[in-house]
Each structure stands twice: as structure tokens, then as C-alpha cells.
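Each value in this text was obtained by applying a stated rule to the coordinates, not by laboratory testing. Remember, it's a predicted structure, so these values are computed and weren't measured experimentally. Cβ coordinates were reconstructed from backbone atoms using ideal geometry, including for glycine residues, and neighbour counts include every protein chain displayed.
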Amino acid sequence: MSPPRETREQELLAEIERLKSRLAEPEDTLAAIRAGEVDAFVVTEKRGEKVYVLKDAAPPYRLMVEEMKEGAATLDAPASAESP
């Protein structure tokens, strides 16, 4: 036997409200992306979290290196030198 019509209608209205609530966050996220308020995304992958940057970080770094009057080097974990 099916539930009374009023009960079913209330269940459907409650489900609509739950879905509206769930939809608010992705809509806000898309609005922020479209408005240019997002610089990067953090995505969970099998090996952990990964950051995807939307804007290139190289221009400020490149400007700093080009304006340096001294040499520069980067070191990896075993401390072997590499040029930038």
C-alpha cells in the first residue's frame, strides 16, 4: 500500500530542499571561478592531494631572477646543485 498523498508530497518537498542545499555549494564555486576569484584547485588523488594552479607563477619568479645581480642555485634533497 502506498503512503498517503500528503505524506508523499511532503517527502518530495523535503527532498527538493535537500537537493537545493547540496546544489548551492557547487553553484557558489562556479561563480567564484567565473569571477576570477580562484587561483588554484586542490584535487585528492590516489597518492595524496595535488594542486592545480590556474595562473602561471613564473612571471614574478622570472622577474626576480632577471633582476638579480648575483648567481642563484636550487638544491634538491641530496643537496646537488642545479641552475635555475
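What's the angle, to the nearest 10 degrees (0 to 90), between helix 5-34's Cα axis and the longest principal axis of the chain?
The helix 5-34 is inclined about 20 degrees to the chain.
Take the Cβ-Cβ distance between LYS55 and LEU12 as r, set R0 to 41 Å, and report the resulting FRET efficiency rounded to the nearest 0.05. Walk me through the numbers on the way to the answer.
On the way: r = 44 Å, r/R0 = 1.07.
With a Förster radius of 41 Å, E is 0.40.
How tilted is helix 58-67 with respect to the longest principal axis of the chain? Cα atoms for both, answer in degrees (0 to 90, nearest 10).
The answer is roughly 20 degrees.
After finding the eigenvalues of the alpha carbon gyration tensor for segment 5-70, what semi-axes result from the square roots of 5 times each, listed largest first in whole Å? If you can, show how the numbers build up before the last one.
Numbers: eigenvalues 442, 42, 5 Å².
Over the Cα atoms of segment 5-70, the ellipsoid semi-axes are 47, 15, 5 Å.
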